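None of the figures in this text is laboratory data; all of them are computed from the coordinates on show. Note that this is a predicted model, so its numbers are computed, not measured. Positions of Cβ are generated from backbone atoms using ideal geometry, with glycine treated the same way; all protein chains shown enter the neighbour counts.
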Amino acid sequence: MTEPGHTEAHLAPGGGDDGRVGVYVHLPWCERVCPYCDFAVLAARPLDPGVEDRYVEDLRTELAARAPAFGDRPLASLYLGGGTPALFRPESIARLVDAVTATFPADASAPEITLELNPSTVERERLPAFRAAGVNRLSIGIQSFDDGLLKRLGRAHRAVVAEETLAAARRAGFDDLSVDLIFAGPDQSAADLDRDLDRVIAFGPEHVSTYELTFESETPFGRAVSAGRMTPPDEELAAGMIEQVEARLEGAGYRRYEVSSYARPGRRARHNARYWQRQAVLGLGMGAHSTEVRTPARPHGARRANPRDLSAWQAALARDPAEAGEEEGLEVAVARGEAIFLGLRQIEGVAAQAFAEEFGAPPRAFFAEEIDRLVRVEWLVEGEGGDLRLSRAGRLLADSVGAEFVFVEGG
Ligand code: SF4
């Protein structure tokens, strides 16, 4: 059954402010840090209850101080991400959910409340209590059902625990599950990926997020590649895998609605869509990012980034809990580029009319040269009214195509 909060009716077509707020809460601890991870994370096994309690209190302090900047907007979504948020005790999660839902009013649509979870025994046992705390959606970091690949990725879990966690989530009453799947991993073949897709499709989550493994320079994997100790999969194999994922998941009834995201009807990730559509998001916790509300003085909004270091964030909070992050107003040229970059990530693309409502003219008025060049190489499709979307070939290069718009000097 689709809960009222899970319809797509509230997704803005892009451009306009939907008048609501999403809240992101960063809970940074993981059992161990994966060698390809470049998120703001800390290793903890187990998480010390005193450290946990202090962090929850700090989050509540930051929420109280920052909420007035978002007025009395109804809560569209709450996303508890990390890290591994499910390492937090259910009573801590309940305190956070209660604080956020008490701060912002509800409207006709129940907020989407997502918790990120990794397959593990501890987290699995906590599932019924997380559901009772008000969490109505789980994003589960399965990554693969292949024990060899999980090991090569440095993941803490194995396939059997992943299967048990998925089954336990259903038993605990979660009817909105998202599964993360990684591809182009070390020594992964197309046949290996096919087996992973078989398992995902057989389980039938409502949503699947797929990620090509990246080798960021500041991670152990990135350093191993630089030192020649590791070779990333060849580009052709990785591109083939993107198409393989799409063919298999779309064949099983999922719709690819964003370059990395697939959903069953009515099950798009509402919180994630807020970023692609540049909607207001209040980010809380170490390393969290916010998208500030647009105002007449700041018509394109602003970004705010909290310190990535725990003690630096706590020290900033102690100085002024409303100003722990660093804010950067968005110049019109930057905002135009972001609107295209983020809009193109969505399969529906950029609606020229919505773009013109915010920027005074459709994309072609600012980006004719880029559009012509990308249409010529068949990476971009321009509709009659000036709408833009990625072609099938363009989707394989989504970030590079989007970057063409972001870095236009003087816009
Ligand atoms: S579990 Fe996720 S957040 Fe934690 S270290 Fe691994 S990749 Fe990073």
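For (1) closer than 30 Å to R89 by Cα; (2) under 24 Å from the mean Cα position of the chain (by Cα), each residue gets a yes or a no:
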residue: A133; (1), (2): yes, yes
residue: L138; (1), (2): yes, yes
residue: D196; (1), (2): no, yes
residue: V225; (1), (2): no, no
Which one is farthest from the ligand (Cβ to nearest atom) among residues in segment 45-95 that are hydroxyl-bearing (S, T, Y) and not in a helix (DSSP H, G or I)?
-> S77
Odd one out for R170, checked against (1) in contact (Cβ under 8 Å) with a residue 12 or more places away in the chain; (2) assigned to a helix (DSSP H, G or I); (3) in contact with a strand residue (DSSP E or B) (Cβ under 9 Å, 6 or more places away or on another chain); (4) not hydroxyl-bearing (S, T, Y) = (1)
With G283, G301, G325 as the choices, which residue is closer than 26 Å to G71 by Cβ, surrounded by 14 or more Cβ atoms within 10 Å (Cβ to Cβ) and under 14 Å from the mean Cα position of the chain (by Cα)?
-> G283
Just one of (1) crowded, with 17+ Cβ neighbours inside 10 Å; (2) under 20 Å from Y24 (Cα atoms) trips up F366, so point out which.
-> (2)
With the first residue restricted to segment 30-41 and required to be more than 15 Å from R223 (Cα to Cα), and the second required to be more than 7 Å from the ligand (Cβ to nearest atom) and charged (D, E, K, R), Cβ contacts under 8 Å at 6 or more apart or on different chains are E31/R45; R32/R45; A40/R308
Looking only at strands (runs of 3 or more DSSP E) that fall completely inside segment 304-410, which ones have 2 or more residues that are of a type in the set (D, E, K, R)?
-> 326-329
Here are some residues: R376, R395. Which one is over 29 Å from the mean Cα position of the chain (by Cα) and either surrounded by 12 or more Cβ atoms within 10 Å (Cβ to Cβ) or without any contact (Cβ under 8 Å) to a residue 12 or more places away in the chain (or both)?
-> R376
Pairs, please: C-beta under 8 Å, at least 6 apart or cross-chain, first residue farther than 24 Å from A159 by Cα and in segment 199-226, second of a type in the set (V, I, T)?
-> V225/T231
